[in-house]
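The values are calculated or read from the model by the stated rules, or taken from the named source; none is laboratory data. This one's a predicted model, so the numbers in the text were calculated from it and none came from an experiment. Cβ sites come from the backbone with ideal geometry, for glycine too, and all protein chains shown count toward neighbours.
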Amino acid sequence: MRKLLLFVALLGLTSSVPAADFYARFEAIKRATPAELYTFLYALPKGGDLHNHLGGAIRPEWWYAVATDPARNGGDVFYTRVKFGAGIDPGTPLVLFRTIRRATYDRLSAAEQADYTRLDQLAPAQRQAWLDSLRLDRPGEGRDEFFTWIWPRTGQLHQSLPVTGETLVETMKAYGAEGLRYLETQIGVAYFTDNAGNPISPDAAADFLRARLAQPDAVATGVTVRFLITVLRFSPIAEQQLADAYKFVDGHRDLWVGLNMAGIEENGKGYPARFLAKYRELRRIYPTLPLSIHAGEMDGPDQHIRDTLLLGASRIGHGVNLLQDPDTLLLMRNNKYLVEINLISNRLLEYTPDLSKHPFPEYLRIGVPVCLNTDDRGMWDSNLTDEYYTAVTTFNLSWDELVQLGRNSLAYSFVQPEVKAKLLADYEREVAAFSARYLPAESLGQLAAVKPVTYGYARRNWGFPFAQ
């Protein structure tokens, strides 16, 4: 039955196309004002976001609102480092605004405690500095700021299940408002602790998240969520973590639908071939688990994408240097492998600082399946519409190409086949209705009813005056 439902949905892709002349209509829309085009793309049905790190997708304002509200954070209290005094623990990252929980704070010496302030008691300037410390919003910030400093600042926010659940729903609300219907986000389950610092079992964490997603406010977003477990590729115990992840996902296939491996590739300890024997061992134990693995997020040429496909991946995260491996590029043309494109991420981390030189249009137009994603939208101060607007204005996307990106984001998802069939069918209907609504020449007047929400990236780069 699952295969039949999927087949019916895929068959419908050719029958639920927009009006034949919307191709020309979209060309006219692209010549509208930048604000009108952005608003049009904000309202556009977008399918899914497949390359998304939940911890990096949460806006600092959402972190702050939840972490300072005992009714939403499980009754915990959070502290953040505002200075370096006499009490410096050699085992603690030396970074301002590293955030910890009350149980950790209570174990510090008085001298160490003096370096921290309760998150809800920060002075206005400190609060703004804390918020800004969690995003790339200044010239010169890039790879080092992101990988070395921002993640340690989030500290123990990630360890709280209530905070994770609440910020996940805030993320879903924002996605639902801009036309997204499916989120496949990366989240770990091994490091949650209760307010006293005691470990929470992965099974208990899964139950908590399952229950949170069933609550009315989450359901009302209209966004279907599935999770991937991610292993840090350069960890000295990555092989064991990979085995633990396989076991967990296999036991929770209703909500967790695959695995990922992440981590800066410049760190030579996480090269894909390191894990080939381990993946083959695990495939002898467990039924098929889909794999989406970061690869090709590098400045120079290598064979990481080829080796990642050998690991069994059907999706490649980033794939920026694929053009420098022509044999693998040929293999991926018109094949079943998808490249998850993250334009703003690649620009801000300076893998492609000049987006006009990004390989995305080459992949798109020679038949390598691609879709657009946000990666770490909270830390980029951006949203999915920013990705679409960047792609349309930089690469002159056609209507058919735009729609195909959303379609790919669902067709290559790891969600269960019957859910995928419904998501695809709903997407086709929504796109058809959307194109019919904006087909008349005077139809852009309807955009006045659309209220885009933009963040710092859109304001800094395009000057849009929309609300945030």
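Out of segment 26-73, which residues are small (Gly, Ala, Ser), assigned to a loop (DSSP other than H, G, I, E, B) and either closer than 21 Å to Ile187 by Cα or touching a Lys or Arg at 6+ places or on another chain (Cβ under 6 Å) (or both)? Correct list: empty. Candidates Tyr105, Tyr116: the one that is at pLDDT 95 or above and either surrounded by fewer than 18 Cβ atoms within 10 Å (Cβ to Cβ) or over 19 Å from Lys83 (Cβ atoms) (or both) is Tyr105.
Looking only at residues in segment 254-294 that are of a type in the set (A, V, I, L, M) and under 17 Å from the mean Cα position of the chain (by Cα), the one that is modelled with the lowest pLDDT is Ile264.
For (1) closer than 30 Å to Met379 by Cβ; (2) among the acidic types (Asp, Glu); (3) in the same structural domain as Asp250 (by TED's automatic domain parsing); (4) crowded, with 17+ Cβ neighbours inside 10 Å, each residue gets a yes or a no:
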site: Asn408; (1), (2), (3), (4): yes, no, yes, yes
site: Ala432; (1), (2), (3), (4): no, no, yes, yes
site: Gly445; (1), (2), (3), (4): no, no, no, no
site: Ala449; (1), (2), (3), (4): no, no, no, no
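For segment 141-154, the criterion of being crowded, with 18+ Cβ neighbours inside 10 Å, β-branched (Val, Ile, Thr) and over 22 Å from Ile344 (Cα atoms) is met by none of the residues. Checked against the criterion of being polar (S, T, N, Q), surrounded by fewer than 20 Cβ atoms within 10 Å (Cβ to Cβ) and farther than 15 Å from Met298 by Cα, segment 354-372 has at least one qualifying residue. Ile229 falls short of the stated requirement of being in contact with a helix residue (DSSP H, G or I) (Cβ under 7 Å, 6 or more places away or on another chain), among the aliphatic types (A, V, I, L, M), at negative phi and at pLDDT below 95. So the check is Cβ under 6 Å with 6+ separation or different chains; which pairs have a first residue in segment 298-326 that's crowded, with 21+ Cβ neighbours inside 10 Å and a second one that's part of a strand (DSSP E or B) and among the small types (Gly, Ala, Ser)? Sorted first by the residue in segment 298-326, then by its partner, the pairs are His304/Ala295; Ile305/Ala295; Thr308/Ala295; Arg315/Ser292; Ile316/Ala295.
Out of Tyr351, Tyr279, report the one residue that is surrounded by 16 or more Cβ atoms within 10 Å (Cβ to Cβ), touching a residue at least 24 places away in the same chain (Cβ under 8 Å) and closer than 26 Å to Thr390 by Cβ. Only one candidate qualifies: Tyr351.
Summed over segment 406-460, the residues that are farther than 30 Å from Val249 by Cβ and among the β-branched types (Val, Ile, Thr) give a count of 4. Scanning segment 345-393 for residues that are under 21 Å from Lys173 (Cα atoms), out of contact with any strand residue (DSSP E or B) (no Cβ under 6 Å at 6 or more places or on another chain) and of a type in the set (Val, Ile, Thr) yields a single hit, Thr385.
Count of segment 328-353 residues, restricted to those that are of a type in the set (A, V, I, L, M), in a helix (DSSP H, G or I) and within 21 Å of Leu309 (Cα to Cα), is 4.
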